[in-house]
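Each reported figure results from applying straightforward, stated rules to the coordinates on display, with no laboratory input. Computed from a predicted structure; not experimentally measured. Counting neighbours? That spans all protein chains shown, and the Cβs are built from the backbone with ideal geometry, glycine included.
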Amino acid sequence: MAWKCTAIIAIALGLLACSKQPDEAAPEAKQPKHALSEEQANAVLVKVGDRTITVGELADRLASQSPYLQARFESPERRKELLDNLVRYELLVYEAKRRGYADDPEVVSARRNVMIQELIKQEVDAPLEGREVTDEEVQAAYDANPTEFDRPAQVRASHIFIKNRAKAAKVLEKAKGSDRAAFTKLAREESEDDATKADGGDLRFFTVDAEKPSQAVRRAAFSVDQVGTVYPDLIPGDGGYHIVMLTGKRAELKRTYEQAKRAIRHKLSRERKEAAMEALTERLRKEVKVEVDYDALAQVRVDLSDQPAAK
């Protein structure tokens, strides 16, 4: 039954997340969604400390939920269970406030983040509702750059990095003919690349002209034909020697308009939101005094002396 209580407390939190707190200013009156009389709506349902929840407040919150959620509280027993958990929820809030957790830096940060999310919802998301990206816009974006959503060929590889050539040569002989599991085990035991050894030397997928891994490793991986095969020679570079196994391949993909239009629509929607965010930020910069000392920024240092060098 514990999971049921937890679920209902979570629902209670969701129902009351936007409820008016005692120290908050009253919002503009909104048309209630419930069908209660004023007297019924104003009746006090719960009072815990200085927190009061009226019948109308809870009824309005429930009326705003999906039919599925409303159906969960159709029976009087389930509504009583919800009410009991609301009391439990408010008791926890009361005690948390009494202990001063409301001023805890993490709580303050979380509250600020929620306020920002609400601001973005009202000032960015709401104005964009109903302004869907049209098929004409998608087609125009594709026609302007039909290759943008193509995917170049990619390979995935794992490597073992060893500084000493003689040791690297011995490990290479062990690696030849091994399967992927054996290569992963060998990488974890022998590799001197701290950045990848815990993952069995996994370098993820990359293209032939990617920034990482090194050019020699990329060329070697792309020259291997069969997945699961170890490149036959040591690959010098990065102050040592790489032993490389090809672990995956993705063929080049050229997308038609029909294949690309979903990604294009998503990209255009994202760009539209980013533009709205930028416009909001620029407006606020004009309305709010902002002072930035970029010279003082030079005093901030990031110490990576204890971090292993990336291969």
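Can you confirm whether LEU186 is assigned to a strand (DSSP E or B) and either free of Cβ contacts under 8 Å to residues at least 40 places away in the same chain or not β-branched (Val, Ile, Thr) (or both)? For LEU186, the condition - assigned to a strand (DSSP E or B) and either free of Cβ contacts under 8 Å to residues at least 40 places away in the same chain or not β-branched (Val, Ile, Thr) (or both) - is not met. Taking region 43-74 as the range and being among the basic types (Lys, Arg) and out of contact with any helix residue (DSSP H, G or I) (no Cβ under 8 Å at 6 or more places or on another chain) as the test, only LYS47 passes. Going by the structure shown, is ARG88 in contact with a Phe, Trp or Tyr (Cβ under 9 Å, 6 or more places away or on another chain), among the basic types (Lys, Arg) and part of a helix (DSSP H, G or I)? Judged against the criteria, ARG88 is not a match.
The single residue among ALA169, ALA195, ALA175 that is within 29 Å of GLU252 (Cβ to Cβ), over 31 Å from the mean Cα position of the chain (by Cα) and in contact (Cβ under 8 Å) with a residue 24 or more places away in the chain turns out to be ALA175.
A Cβ distance below 6 Å, combined with a sequence gap of six or more or placement on separate chains, defines the contacts here; from region 132-144, residues that are in contact (Cβ under 8 Å) with a residue 12 or more places away in the chain reach residues that are basic (Lys, Arg) and assigned to a helix (DSSP H, G or I) in the pairs VAL133/ARG265; VAL138/LYS261; VAL138/ARG265.
Here ALA169 qualifies as among the hydrophobic types (A, V, I, L, M, F, W, C), surrounded by 14 or more Cβ atoms within 10 Å (Cβ to Cβ) and out of contact with any Leu (no Cβ under 6 Å at 6 or more places or on another chain). Evaluating ASP225 against the criteria (1) surrounded by 12 or more Cβ atoms within 10 Å (Cβ to Cβ); (2) closer than 15 Å to ALA157 by Cα; (3) not polar (S, T, N, Q) leaves one unmet condition, (1).
A quick yes/no check of all residues on (1) touching a Ser or Thr at 6+ places or on another chain (Cβ under 8 Å); (2) surrounded by fewer than 13 Cβ atoms within 10 Å (Cβ to Cβ); (3) part of a helix (DSSP H, G or I):
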position: LYS47; (1), (2), (3): no, yes, no
position: THR52; (1), (2), (3): no, no, no
position: GLU57; (1), (2), (3): yes, no, yes
position: LEU62; (1), (2), (3): no, no, yes
position: LEU69; (1), (2), (3): no, no, yes
position: GLU74; (1), (2), (3): no, yes, no
position: GLU77; (1), (2), (3): no, yes, yes
position: LYS80; (1), (2), (3): no, yes, yes
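Selection over region 201-214 of residues that are of a type outside the set (D, E, K, R) and either part of a helix (DSSP H, G or I) or within 18 Å of ALA175 (Cα to Cα) (or both) gives a count of 2.
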